[in-house]
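A short write-up of the structure that comes next.
The values are calculated or read from the model by the stated rules, or taken from the named source; none is laboratory data. Fair warning: this is a prediction, and the values are worked out from it, not measured in the lab. Heads up, the Cβs are rebuilt from the backbone with ideal geometry, glycines too, and the neighbour counts pull from every protein chain shown. Note: accessible area is taken over every heavy atom of the protein model, side chains too, but ligands, DNA and RNA are not part of it. Shrake-Rupley method; radii C 1.70, N 1.55, O 1.52, S 1.80 Å.
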Amino acid sequence: MTQFVLYEYWRSSASYRVRIALNLKQLPYLSMPIHLLKDGGEQHHAMYAELNANELVPTLVDNDFDGEKLVLNQSLTIIDYLDEHFPHPRLTPVSGRERYLVTALAQDIAIDLHPINNLRVIQKLSRDFDFDETSKAKWMQHWIELGFHALEKKLSDVHGKYCVGDSISLVDVCLVPQVYNAERFGVDLSPFPTIASICSTLREHPAFVAAEPERQPDAS
Ligand SMILES: N[C@@H](CCC(=O)N[C@@H](CS)C(=O)NCC(=O)O)C(=O)O
């Protein structure tokens with residue numbers, strides 16, 4: 001039996017983060033695609049909702065957590081779990097100043113920036129608040145640009161080759177999927193040269209390449 005099963009969607013940035021982390025740690029996994037749009041969204045179907053009552057992807061199942069099964073949601077928690085049990089390479093430093101810089105910057109992206117642009121938010125705006133395609137794109141761009149302005153400023157103090165110094169960290173794992181989303185929704189990256197340059201370096205790394213949305217089996 002495969003140890004890790006990842007319920008995910010190719011374009012989901014939270015799933016993309018977990019794919020990158022699994023690849024960096026060279027942990028093989030079985031991908032179980034959950035189509036977020038087909039048939040009203042497979043994340044709402046009973047089979048998946050029983051696994052993750054939040055009806056969001058990703059969910060990681062570890063079939064061998066000390067001989068037991070562990071079902072885990074929340075991409076940052078999944079990555080934290082992988083980091084503790086499979087620490088090579090470590091994505092959140094164990095201690096020291098870097099630990100807190102990495103955690104705060106990753107949360108800036110994953111907790112403050114990303115959720116307001118989630119599919120269910122956009123669907124609600126469109127269904128109940130008359131948002132058309134142009135207003136939806138403006139909404140996405142506004143929140144991403146706001147987050148990127150702050151991130152660009154913060155990275156100028158701490159970046160090296162990657163977001164925090166010269167080792168790949170959880171911030172990098174969150175950054176690349178967020179830039180993918182930004183590009184998808186037409187955000188102009190020219191005001192964010194540090195973000196753009198770190199992202200293009202990361203995109204050459206094989207673990208990031210293999211995790212790219214368009215390379216996933218469910219990409220359509
Ligand atoms: N905080 C969660 C966020 C999960 C999440 O928002 N997933 C999105 C895709 S990136 C989703 O499943 N959206 C489906 C929907 O909005 O119905 C995590 O980091 O795992």
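Evaluate region 8-19: report whether one residue or more is within 18 Å of GLU212 (Cβ to Cβ), open to solvent by 40 Å² or more (accessible area, probe 1.4 Å) and within 15 Å of the ligand (Cβ to nearest atom).
yes
Restricting attention to region 61-74, and to residues there that are in contact (Cβ under 8 Å) with a residue 24 or more places away in the chain and surrounded by fewer than 17 Cβ atoms within 10 Å (Cβ to Cβ), which single residue is farthest from LEU30 (Cα to Cα)?
Per the criteria, the residue is ASP64.
Assuming GLN43 fulfils every condition listed in (1) farther than 23 Å from HIS88 by Cα; (2) in contact (Cβ under 8 Å) with a residue 40 or more places away in the chain; (3) near the ligand (Cβ under 10 Å from one of its atoms); (4) open to solvent by less than 60 Å² (accessible area, probe 1.4 Å) apart from one, which condition is it?
That leaves (2) as the condition not met.
Can you tell me which residue within region 105-119, out of those that are hydrophobic (A, V, I, L, M, F, W, C) and open to solvent by less than 40 Å² (accessible area, probe 1.4 Å), is farthest from the chain's Cα centre (by Cα)?
Per the stated criteria, the residue is LEU105.
When region 190-217 is examined, which residues are found to be open to solvent by less than 30 Å² (accessible area, probe 1.4 Å) and not in a helix (DSSP H, G or I)?
PHE192, ALA211, GLN216
Could you tell me how many of the residues in region 54-70 are closer than 20 Å to ALA110 by Cβ and either more than 8 Å from the ligand (Cβ to nearest atom) or out of contact with any Asp or Glu (no Cβ under 8 Å at 6 or more places or on another chain) (or both)?
Counting residues in region 54-70 that are closer than 20 Å to ALA110 by Cβ and either more than 8 Å from the ligand (Cβ to nearest atom) or out of contact with any Asp or Glu (no Cβ under 8 Å at 6 or more places or on another chain) (or both) gives 5.
Run THR77 past the list (1) near the ligand (Cβ under 9 Å from one of its atoms); (2) open to solvent by 40 Å² or more (accessible area, probe 1.4 Å); (3) under 22 Å from ARG203 (Cα atoms) and report the number of the one that doesn't hold.
Among (1) near the ligand (Cβ under 9 Å from one of its atoms); (2) open to solvent by 40 Å² or more (accessible area, probe 1.4 Å); (3) under 22 Å from ARG203 (Cα atoms), THR77 violates only (3).
Which of the following residues is open to solvent by less than 50 Å² (accessible area, probe 1.4 Å) and part of a loop (DSSP other than H, G, I, E, B): VAL187, VAL171, VAL176?
The match here is VAL187.
Which residue pairs have Cβ atoms under 6 Å apart, sit 6 or more places apart or on different chains, and have a first residue in region 118-141 that is within 15 Å of the ligand (Cβ to nearest atom) and a second that is open to solvent by 50 Å² or more (accessible area, probe 1.4 Å)?
LEU125/PHE131; MET140/PHE185
It is to be established whether one or more residues within region 81-104 are open to solvent by less than 60 Å² (accessible area, probe 1.4 Å), within 12 Å of the ligand (Cβ to nearest atom) and touching a residue at least 24 places away in the same chain (Cβ under 8 Å).
Within region 81-104, not a single residue is open to solvent by less than 60 Å² (accessible area, probe 1.4 Å), within 12 Å of the ligand (Cβ to nearest atom) and touching a residue at least 24 places away in the same chain (Cβ under 8 Å).
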